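The values are calculated or read from the model by the stated rules, or taken from the named source; none is laboratory data. As the structure is a prediction and not an experimental result, all values here were calculated from the model. Heads up, the Cβs are rebuilt from the backbone with ideal geometry, glycines too, and the neighbour counts pull from every protein chain shown.
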Amino acid sequence: MMRIAIGSDPNAAEEKYRLVEFIKRNELGEIVDFGSDDVIYANVAIEVAEQVANKKFDRGILLCGTGLGMSIAANKVKGAYAALLSDIYSAKRAVLSNNANIACMGAFTIGEKLREELIYAFLTNEFDNKSPSKVKVDAYVEYDVKR
């Protein structure tokens, strides 16, 4: 079963709780909540990103007002590949073409039903190591390993 780390800032706490219930209801994975009380969203983003990068969790989900801050903060962690999700096609491609391991979304920019569809697409797709995208992904993973 997929292990999922989730966190948010206080602005997105309610949306995070709803998303946790959606994931449980649809049996998409085992989910651990890393909180939503810290107004410094970067603290939560980095904690979730480190857990995912260190392979303690398979995927991560981060929410804030726009998802932008969480995405920027999470991508500072070596081995974390956070994608800002806003449409279904991109949510699928984040995984299929880019091997993203963290989904970031906005509480103020995306409605509940779209948020659920985005997470469903993100969690139910897997990167194919034999795809033409592998050489592209390898390029930024290699850079990440060197730094």
Legend entry - Residues within the stretch 98-135 that are of a type in the set (G, A, S) and surrounded by 17 or more Cβ atoms within 10 Å (Cβ to Cβ), tallied: 5
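Kindly indicate whether V32 is closer than 20 Å to Y120 by Cα, modelled with pLDDT of 95 or more and not in a strand (DSSP E or B).
Numbers: closer than 20 Å to Y120 by Cα: yes; modelled with pLDDT of 95 or more: yes; not in a strand (DSSP E or B): no.
Taking the combined requirement at face value, the residue does not satisfy it.
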Legend entry - Considering residues of the stretch 115-126 that are in a helix (DSSP H, G or I) and without any contact (Cβ under 8 Å) to a residue 40 or more places away in the chain only, the residue farthest from N54 (Cα to Cα): E117
Legend entry - Any hit, the stretch 66-88, residues being more than 24 Å from I40 (Cα to Cα) and crowded, with 18+ Cβ neighbours inside 10 Å: no
Legend entry - Residues satisfying the stated conditions in the stretch 1-27, i.e. surrounded by fewer than 20 Cβ atoms within 10 Å (Cβ to Cβ), within 14 Å of the chain's Cα centre (by Cα) and closer than 15 Å to R115 by Cα: V20
Inset, instruction - Spot the failing condition for S131; the list is (1) in contact with a strand residue (DSSP E or B) (Cβ under 8 Å, 6 or more places away or on another chain); (2) farther than 17 Å from I6 by Cβ, and only one is missed. - result: (1)
Inset, instruction - Check Y81, Y41 and return the single one that is in contact with a strand residue (DSSP E or B) (Cβ under 7 Å, 6 or more places away or on another chain), of a type in the set (F, W, Y) and under 29 Å from P132 (Cβ atoms). - result: Y81
Legend entry - Breaking point among (1) in contact with a Ser or Thr (Cβ under 6 Å, 6 or more places away or on another chain); (2) over 17 Å from L123 (Cβ atoms), for S97: (2)
Inset, instruction - Looking only at the stretch 55-74, decide whether some residue is assigned to a loop (DSSP other than H, G, I, E, B), of a type outside the set (S, T, Y), over 13 Å from the mean Cα position of the chain (by Cα) and within 21 Å of L28 (Cβ to Cβ). - result: yes
Legend entry - Pair list, Cβ under 9 Å, 6 or more apart: the stretch 127-145 residue without any contact (Cβ under 8 Å) to a residue 40 or more places away in the chain and polar (S, T, N, Q), other residue surrounded by 10 or more Cβ atoms within 10 Å (Cβ to Cβ) and assigned to a loop (DSSP other than H, G, I, E, B): N129/N99; S131/S97; S133/S97; S133/N98; S133/N99; S133/F127
Inset, instruction - Determine which member of the set A53, A121 is touching a Lys or Arg at 6+ places or on another chain (Cβ under 9 Å), over 15 Å from I23 (Cβ atoms) and modelled with pLDDT of 95 or more. - result: A53
Legend entry - Contacts under 6 angstrom Cβ, first residue in the stretch 80-107 being in a loop (DSSP other than H, G, I, E, B), partner buried (at least 22 other Cβ atoms within 10 Å of the Cβ) and of a type in the set (G, A, S), 6 or more apart: A80/A49; A80/A74; Y81/A100; L85/A91; L85/A103; A100/A83; A100/A94; A107/A12
Inset, instruction - From (1) free of Cβ contacts under 8 Å to residues at least 40 places away in the same chain; (2) within 18 Å of F127 (Cβ to Cβ), pick out the condition that doesn't hold for A13. - result: (2)
